[in-house]
1. Sort largest first and round to whole Å: the equivalent ellipsoid semi-axes of region 72-404, each the square root of five times a Cα gyration tensor eigenvalue.
2. Given the DSSP H assignment, sum -39500 (n - 2.57) over each helix run of at least 4 residues in the chain and divide by its residue total; what's the result at 222 nm in deg cm²/dmol, nearest 500?
3. Neighbour counts of other C-beta atoms within 10 Å: give me Trp290, Trp153 arranged from fewest to most.
4. Taking the alpha carbon gyration tensor of region 359-458, what are the square roots of 5 times its eigenvalues, largest first, to the nearest whole Å?
5. Could you state the angle between the C-alpha long axis of helix 231-244 and the longest principal axis of the C-alpha atoms of the chain, as a value from 0 to 90 degrees rounded to the nearest 10?
6. Provide the packing ranking of 82-94, 447-459, i.e. peptides ordered by the mean count of other C-beta atoms within 10 Å per residue, highest first.
7. If R₀ is 60 angstrom, what is the calculated FRET efficiency for the pair Ala90 and Arg267, using the beta carbon separation as r and rounding to 0.05?
8. Going by a ≥ b ≥ c, the root eigenvalues of the Cα gyration tensor, does region 57-160 fall in the rounded group (a/c under 1.5), the prolate group (a/b larger than b/c) or the oblate group?
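Bear in mind that the values in this text are calculations on the coordinates, not laboratory data. From a predicted model like this one, the values you see are computed outputs, not experimental measurements. All Cβ positions, even for glycine, are placed from backbone atoms using ideal geometry, and neighbour counts span all protein chains on display.
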Amino acid sequence: MRSAWIGGQIAGAGRMATRRFARRRCRPTSIIVRSTAGTQGFRMTQLDTAVSLEDLIRATVPRYTSYPTAPHFSAEIGADAYAGFLDATAAGDGPISLYVHIPFCHSICHYRGCTTKASRRYAPIEAYVDVLRSEIAMVAARIGRRGVSHIHWGGGTPNLLSATAFEAIVGDFHRFFNISPDTEHAIELDPRHLGGGRARFLASIGVNRASLGVQDFDPAVQAAIGRIQPEETVTAAVEQLREAGISSLSFDLIYGLPEQNVSSIRRTVDTAVALSPDRISLFGYAHVPWFRANQKLIDASRLPGSEQRLELERTAHNSIETAGYVPIGIDHFAKPSDDMSAALSKRTLRRNFQGYTTDRAETLIGFGASSIGRTPSGYAQNVTDTGNWRERIAGGQLATERGRKLTAEDRLRADVIEQILCFFDVDLAATATRHGADHAIFMAGLDKLKPLVSAGWVILDDGKVSIVQHGAELARLVASAFDAYLGTGGRHSVAV
Ligand code: SF4
């Protein structure tokens, strides 16, 4: 028996998988049909398929931090096309966001999935900063003096930059753009490199939000992933940041790591919530050693299997929620008092390359090697290799290597997918109307959802799709039903 799920992308969802989960398979006894053809034209018919949640979460689907997703970017978008995107942006007057990529770390963690390189010497970082400043000046000359709603330093380990480098780049931002006291200024920090008054310095240049890479507090897990970071290190970082006035803190945790078990991840969550971060991200480790050679250092035999992985995710998820955090989308949590919880309830939450955000800017400018930017015209990604990026910028050219010009249909589908990822529901008819499109474009996508409707996990009601059970686990799958490019490029991670 073949699995009922959409797109034929379930990993291992053949006869073996069917037998293995036979007892758990959800066999719907009734079909939820809240809509008839009526005005919206959506009709569900009798289904003869059954699905198991376990099969579905093995599906390999994109994380949808963009749509179209990065594997669908093409080399057709180079420096000239990006210059056109920026020129079109210059005509707008809304605020923009700035992203600065610092692709250097002291050492490389075994589980790393990011684009970064180890550097024990500061000279390469210093040289990188010089080029970065040239790139900032080049882009600013095209788009003019714009207001900035959000600055984000990511990497890599941005806190490896010297005070001089930070001051120079932030000085450039003030020189070329309008940075106000309301500008959210966030940075990703490695807690192992935050001594020497660094927190106070970051506050002095305007940083007001910090995201700490915690991952897991268990020493056995830390040893298995090549990142030794005692609990005291994280506690000290939190204290320093709060004393400095950077009180908006976020922790990144990861499940699915080697040596993790239900008790250890519960202890990790307990330790994390005791430090009271405002937000928590809970990501699944994606083991892709064919793509990230450093992951070959991880003993694959010590990784949790798919059932255990699901158990770990549920344990962590429930523990965080029990501690009083509001679940946000597929992998974030926020205190009820945090802006992100308010954005969820007001439906102003957005999703971008950094995950969930309260930032509403339509234009995100990426600086640095491999950084990705988004303008209303399309996406643009810089060359990944720092040497090539340096040569391009030094030659007076934008360093765009690939990207994607958005069509009207791309924008419509991106809107639908973003709503599903943020709110677990979408009004297809209203969204289509907002984009001046015909909602009939979604009929094929709705057809793919039949097994989930049959299982009672998704409801269709007057053109509205709502995930009513297992939202965090199913949102990517439901979104993928509306992805016109699904299955035409790239390998993705499993849904949980
Ligand atoms: S996980 Fe963080 S510290 Fe480790 S290699 Fe990646 S960016 Fe560097």
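1. On the way: eigenvalues 206, 99, 82 Å².
Equivalent ellipsoid semi-axes, largest first: 32, 22, 20 Å.
2. On the way: 17 runs with 176 residues, N = 496.
Taking each H run of at least 4 residues, the total per residue is -10500 deg cm²/dmol.
3. On the way: Trp290 9, Trp153 27.
Least to most surrounded, the residues fall as Trp290, Trp153.
4. Details: eigenvalues 267, 44, 28 Å².
Calculated on Cα positions only, the semi-axes equal 37, 15, 12 Å.
5. Approximately 60 degrees, to the nearest 10.
6. Working: 82-94: 17.1, 447-459: 21.5.
Highest-to-lowest ranking by the protection proxy: 447-459, 82-94.
7. Values: r = 52 Å, r/R0 = 0.86.
Plugging the Cβ-Cβ distance into 1/(1 + (r/R0)^6) gives 0.70.
8. Details: a/c = 1.97, a/b = 1.16, b/c = 1.69.
Verdict is oblate for region 57-160.
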